[in-house]
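So the structure is just underneath, and the comments pick up after that.
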Amino acid sequence: MRLARVALSSGETRIASVNESDLQLLDLTQVDNTRRLSDILHAKDPLGLAKFLIDQKADPIPLNEVRFLAPIDLQEVWAAGVTYKRSQVARMEESETGASHYDRVYTAPRPELFFKATPGRVAGPGQVLRVRYDSNWSVPEPEFTLVISPQGRLVGYTIGNDMSARDIEGENPLYLPQAKLYKQCAGLGPCVLLAGGELGLEATQITLTITRDGSTVFSGDTNLGQMARTFDDLINWLYRENDLPTGAFLMTGTGIVPDDDFTLEDGDSVSIEITGIGTLTNPIVKDGAP
Ligand code: DO4
Ligand code: MG
């Protein structure tokens, strides 16, 4: 089952179960202390609760009649790095001084984990993602993203875009937080696929398409089978000596990096499609220096 936060044409925000071409609204008033999407995701039995909450009296609504919102409430957004060979190679190329760090972290027991965003820095489908005005080499990073409860339970999956300034990170690895975390630096959505069913790793394709003036300027794909770490391993490290009382989104790293001569430009459009979840599309904005 896929769950989403949507804005109806009336302007009301609701939680919905998403089908192929329409969605069914959930009636959260039926259960005490259930007001947000995360209240369902963090419940003991998210699937059972979501099924119970489906408003059987309401007609299904066609998908094109609602606006999808980022599926985040109060969670922190974290990210893992260098979890695919492609990312390790690209990072070693971009960083003269830090190459060996990327090499070592790819095989080390402890993964690279970094804080990516607060909810206010997250863009949902159709909302602007930003390239820093002080970066001349920035890329989107399409990442399979875990939805994790406060107790560290994997409860769902969504699509993440870990926007990255490669020149700033490449200049000095200590600049990583500035290369990764700034206003409108993270995309999430369009919905959360509840965990529980069998997830075929090789069958879960991740596709990135970047368009400029209506033409495709980059496309690439990978699949989850290429990832060097397991979800459990990443979650265990994230929750080690760490309390996440509002839960977390964990982007699991990129396996697609455009060629070194590619950078995002103002007006580009970035689409990330992941099997079983959907497509997250965002316009890119880059302002001039103030
Ligand atoms: O080491 C820098 C960040 C790596 C990253 O974001 C990724 O591999 O996806
Ligand atoms: Mg990344």
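FYI, it's all coordinate maths here, none of it is from the lab. Note that the coordinates shown come from a computational prediction; the quantities given were computed from them, not determined experimentally. Note: ideal-geometry Cβ built from the backbone for every residue, glycine included; neighbour counts use all protein chains shown.
Side notes on the structure shown:
- For the chain: relative contact order, % (alpha-carbon pairs under 8 angstrom, 6 or more apart): 23
- Segment 82-210 - percent relative contact order, Cα under 8 Å, separation 6 or more: 28
- Residue exposure proxy: 42, 101, ordered by other Cβ atoms within 10 angstrom of their Cβ from fewest to most, comes out as 101, 42.
- Sorting 252, 209, 97 by the number of Cβ atoms found within 10 Å of their own Cβ, with the fewest placed first, yields 97, 209, 252.
- Taking N as its residue count, the alpha carbon Rg of the chain over 2.2 N^0.38 Å: 0.98
- Cβ-based net charge around residue 281, under 12 Å, with every Lys or Arg adding one and every Asp or Glu removing one: -2
- In this structure, the pairs whose alpha-carbon distance is over 19 Å, taken from 85/286; 183/286; 85/116, are 85/286; 85/116.
- Using all pairs of distinct alpha-carbon atoms, the Kirkwood hydrodynamic radius of segment 2-69 works out to 12.0 angstrom.
- Among 68, 262, 231, sorting on how many other beta-carbon atoms sit within 10 Å of each Cβ, with the fewest leading, yields 262, 231, 68.
- Legend: calculated FRET efficiency, residue 183 to residue 101, from the Cβ-Cβ distance at R0 = 25 Å, rounded to 0.05, equals 0.40.
- Prolate/oblate/rounded label for segment 43-114 (Cα gyration tensor, a/c 1.5): prolate
- From its DSSP helices (H runs of at least four residues, each -39,500 (n - 2.57)), the chain gives a residue-normalised ellipticity at 222 nm of -4500 deg cm²/dmol.
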